[in-house]
Every structure is written in C-alpha cells, then in structure tokens.
C-alpha cells in the first residue's frame with residue numbers, strides 16, 4: 001500500500017506537526033511505508049524527526065497562479081490542484097489540518113481519502129467549532145473578565161459580517177464543506193472533535209482514535225507534596241484561547257489565602273506573553289509568577305520535577321497532549337470542564353475539572369489538592385498516570401491505526 005500523510009506544513013515545530021510526524025513513525029513501525037506530502041518543509045527542523053520517511057513538497061506558488069488571480073481562494077484552488085497531482089499515485093491518503101482535508105476531498109484521485117479531524121477549522125466554522133466560547137459570549141454579551149471572551153466576541157462580529165456577504169471566508173467555508181462531502185471517511189481524535197465535526201459536516205465516525213502519546217518508561221518517582229512552597233505549572237503556547245489569564249487570576253486567589261509561599265511557573269512562548277506578564281505583575285506578589293519562555297528538554301524536565309500540579313483551563317481544546325504528558329511526570333491535573341482535556345481527565349475522575357471561566361473554581365481546586373494527605377495524593381497520581389498510559393499509549397492506539405489503514 002502506498003500511503004501518504006498530507007499535512008499543511010512542517011516548518012514550525014507545533015503540536016499538530018509533532019502528531020503527524022509521530023503518526024508517520026508509528027505507521028512505519030506497523031509495516032506500512034508512509035510518505036509525507038506537504039506544502040511547506042524546513043529540513044533544519046524536521047529532517048532528523050522524519051528520518052527515513054520520504055517528504056514530497058507541493059509548491060505553494062507557481063507562475064500559473066496568475067491565471068486564477070492572486071486572491072486567497074484562487075491561490076488555495078491552485079495549490080489544491082498541485083496537491084492532487086502529487087497525491088495521484090497513492091492508495092490511501094490521510095489528511096490532517098485545514099486546508100489539506102478540503103484539498104484531499106476535492107482531488108480527483110483513486111486513493112482512499114481519509115481525514116483525521118484534529119478539529120474542524122475554527123476560523124471558518126467559528127460558532128460550531130467553538131461551542132463553549134460561543135455560548136459564553138451569548139450568555140455574557142462578551143463582558144467576561146477573561147481575555148478570551150472579549151476577544152472572541154470581536155471574532156464573532158467580524159465572522160458574521162464576512163458571512164453576510166460574498167467574501168473570502170464564505171468561499172473558503174463552501175470549499176471546506178464541499179471537499180469534506182467527497183471524503184471516504186472522517187474520524188476524530190476526541191469525542192469533542194467528533195461532535196463538532198458532526199454538527200458541521202453531518203458525518204464523522206463514531207469511534208475516535210486518540211493521539212499517540214510517547215510516555216517515558218516507568219512510573220512517577222515523586223511521593224506526596226512539597227508543603228513548604230506550593231508550586232504550580234502551566235506549559236502551553238501563550239495565546240488567547242489557552243486562557244492562561246484565568247489561571248493567573250485563580251492562582252492569585254489561591255496564593256493570597258495560602259499559609260506558605262506559592263509559585264506559578266509558566267513555560268512557553270506566544271503572542272499573549274506581554275499581556276500575561278503585565279497581568280501577573282499587577283495581581284501577584286513579586287516573583288510569584290515566573291515566565292520561563294521556551295525551555296530545552298533538560299531544563300523543562302527540571303521545572304516539571306519542581307512542581308506538583310499542572311493547571312491549564314484551555315478553551316474548546318480538541319485534545320491536549322500536555323495533560324497526559326504531565327500525568328506521566330507525576331503532576332496532579334487541573335483542567336477545563338469541557339473538550340478533549342475533560343476526556344483525558346475522565347470526566348474529572350483523574351483530576352480536577354473546573355469551570356474554565358472561573359478563577360474562583362481554579363483556586364478552589366488548588367486548595368483541594370493541598371488539602372489531601374500524601375497517601376491520597378500518591379493514589380491519584382498513580383491512577384492518572386496509569387489511565388493515560390492505557391488509553392493513549394502506543395499499545396492502545398497503534399492497533400487502531402493499523403486496522404483503519406487495512407479496512
């Protein structure tokens with residue numbers, strides 16, 4: 001079987017790209033011969049990660065694009081045609097993120113056309129792919145304390161204006177819907193993404209296939225909690241939808257009531273960093289919130305080892321690899337009450353699932369953690385680690401992928 005994994009670009013090193021590369025490696029281990037087809041590739045960042053896996057680059061631009069004009073849809077359509085030519089000889093093509101799903105559907109090729117729906121394109125299907133944020137804006141009029149609610153209200157207003165007239169957004173939505181109607185199969189990486197896809201496309205396979213998480217060997221070695229300094233970790237891209245401002249507000253309430261010093265460690269980079277640093281300066285004691293930026297593996301491990309709790313209440317998140325990875329390192333988990341993280345937390349049985357818009361709820365969850373005795377802490381730590389390994393590890397997911405490719 002000639003198998004292609006069709007992903008928009010391997011230029012930056014992000015979660016979606018790591019997922020696609022990991023999947024290619026797993027399929028190769030399962031006896032397949034996957035190749036990568038992509039519209040962007042940076043060998044300096046990806047040659048080692050994709051070692052042994054052929055990469056076919058589809059040109060983003062060509063002089064013939066002048067025939068279709070330089071508008072957004074014209075360029076998208078021409079790229080889709082070039083992608084179809086690149087995919088013509090494969091038996092199965094597995095698309096990942098937008099626009100490869102629509103390009104694959106539109107391609108007149110013999111291959112079996114499958115879309116792994118990590119999430120429907122959130123910018124195109126603004127309401128359907130962001131149901132919790134949409135409900136929040138409609139309930140509050142966009143007047144929430146959190147930055148995400150205010151930001152999303154503006155996004156919805158712009159979206160509605162563009163959808164009310166002939167626009168690039170309207171054309172891209174039509175292209176996405178039409179392309180997906182021509183796919184042979186859509187499956188999702190979480191129940192949350194599956195339900196969103198069904199609302200938008202009217203189809204998605206019932207059974208989900210969760211992302212494969214590469215867990216370290218063994219189980220967490222830590223025991224109990226550090227009760228001299230209460231240390232909490234956030235590890236995420238620093239952007240509005242990750243809702244880290246709510247974590248900072250919740251942490252401030254928790255720290256203000258704590259009988260011992262508290263620290264919040266924020267790992268990651270992104271456009272919201274200046275806003276978050278200013279918020280932490282305004283609300284929290286000097287030095288209580290530490291922004292580490294991007295950390296290489298060894299330093300990242302040291303920060304994880306120093307903290308006891310991982311807290312992140314991201315919004316409308318389709319999965320969230322950082323949660324099982326944190327559980328594997330022995331951190332207790334605090335996450336949102338919806339989306340993929342809620343599934344990872346098994347509905348709150350493996351951690352604290354809180355109202356993602358409530359700093360008070362997050363503060364109460366942190367207080368509940370340090371109210372536990374060490375024996376209960378260790379029990380919960382082990383339960384979360386073992387559950388994540390059994391559901392998202394290689395042994396669980398690889399057979400599902402193999403069966404899907406062979407069906």
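Fully extending the segment from residue 285 to residue 177 would add 33.9 nm, taking 0.36 nm per residue of separation and subtracting the current Cα-Cα distance.
Over the chain, dividing the summed -39,500 (n - 2.57) contributions of all DSSP H runs of at least 4 residues by the number of residues returns a 222 nm mean residue ellipticity of -14000 deg cm²/dmol.
Computed over the range 230-392, the alpha-carbon pair-distance distribution with 10 angstrom bins reads 11, 44, 38, 7, 0, each value a whole percent. Comparing Cα centroids, the range 1-19 and the range 112-153 end up 24 angstrom apart.
The simple spin-label model puts a point 7 Å past each Cα toward its Cβ; for residue 57 and residue 298 those points are separated by 3.3 nm.
Stretching the chain fully between residue 145 and residue 372 yields a gain of 78.7 nm (0.36 nm per residue, less the alpha carbon separation).
Shape class of the range 233-311 from the alpha-carbon gyration tensor: oblate, with a/c at 1.5 or above and b/c at least as large as a/b. Highest mean packing first, where packing is the average number of other Cβ atoms within 10 Å per residue, the peptides 76-85, 389-398 line up as 76-85, 389-398.
For helix 131-140, what angle does its Cα long axis make with the longest principal axis of the chain, in degrees from 0 to 90 and rounded to 10? It works out to around 60 degrees.
The shape of the range 143-261 comes out oblate: with a ≥ b ≥ c from the C-alpha gyration tensor, a/c is at least 1.5 while a/b does not beat b/c.
Each of the peptides 227-234, 239-246 was scored by the mean count of other Cβ atoms within 10 Å over its residues; in descending order, highest first, they stand as 239-246, 227-234. With a simple spin-label model that places each label point 7 Å from the Cα along the Cα-to-Cβ direction, the separation between residue 364 and residue 390 comes to 3.0 nm. Once the Cα atoms are used to define both axes, helix 72-86 deviates from the longest principal axis of the chain by about 70 degrees. Taking a ≥ b ≥ c as the square roots of the eigenvalues of the alpha carbon gyration tensor, the range 301-372 is oblate, as a/c is not under 1.5 and a/b does not beat b/c. Maximal additional length on extending the residue 400-residue 260 stretch stands at 45.7 nm, based on 0.36 nm per residue less the C-alpha distance. Seen against the Cα atoms of the chain and their longest principal axis, helix 273-283 is set at about 20 degrees.
Every number here is computed from the coordinates shown, using simple stated rules; none is lab data. Predicted model, so just to flag it, every value in this text is computed and none were measured. Don't worry about glycine lacking a Cβ; one is built from the backbone with ideal geometry, like all the others, and counts go over all protein chains shown.
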